[in-house]
Amino acid sequence: MSATGPEPAELVVTVDRARCAGTGLCAASAPADLQVGPDGKAHPRHERSTALAAVVEAAELCPMEAIAVHHATTGELLAPQW
């Protein structure tokens, strides 16, 4: 814990590229963490993220359920919630 409060959890964001339809909803809701590449498929910009609200929203908005957000230390699935 830091002097300003708890440290943000590190997250691992993955994209199942076989399921991705390239709608861009994820990149619009979490542009710092997800982007649509030249092939029209989404992919993470970084190996890890701390932007919990943005990446969870991106995973929940994905119509193909191609995005998963896991806690980096525990592996717990944080989104999407089925």
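The values are calculated or read from the model by the stated rules, or taken from the named source; none is laboratory data. Since we're looking at a predicted model, the values are computed, not measured. Quick reminder, even Gly has a Cβ in these numbers, built from the backbone with ideal geometry, and neighbours come from all protein chains shown. Ligands, DNA and RNA are stripped out before the accessible areas are found, and what is left, the full protein with its side chains, is counted by its heavy atoms. Shrake-Rupley method; radii C 1.70, N 1.55, O 1.52, S 1.80 Å.
Could you identify the single residue in Gly75, Gly37 that is surrounded by fewer than 16 Cβ atoms within 10 Å (Cβ to Cβ) and at positive phi? Give the derivation first.
Values: Gly37 fails: at positive phi.
After ruling out the rest, the residue left standing is Gly75.
Which ones in segment 27-48 are closer than 24 Å to Glu76 by Cβ and either of a type in the set (Lys, Arg) or within 8 Å of the chain's Cα centre (by Cα) (or both)?
Of all residues in segment 27-48, those closer than 24 Å to Glu76 by Cβ come to 29-30, 32-34, 42-48.
Answer for segment 27-48, where residues must be closer than 24 Å to Glu76 by Cβ and either of a type in the set (Lys, Arg) or within 8 Å of the chain's Cα centre (by Cα) (or both): Ala30, Asp33, Leu34, Pro44, Arg45, Arg48.
If Ser29 passes every condition in (1) polar (S, T, N, Q); (2) surrounded by 13 or more Cβ atoms within 10 Å (Cβ to Cβ); (3) modelled with pLDDT under 95 but one, which one does it miss?
That leaves (3) as the condition not met.
Which residues, taken from segment 44-63, are open to solvent by less than 50 Å² (accessible area, probe 1.4 Å) and of a type outside the set (A, V, I, L, M, F, W, C)? Let's see the steps before the verdict.
The initial filter retains those residues of segment 44-63 that are open to solvent by less than 50 Å² (accessible area, probe 1.4 Å), namely 44, 49, 51, 54-56, 58-59, 62.
Across segment 44-63, the qualifying residues are Pro44, Ser49.
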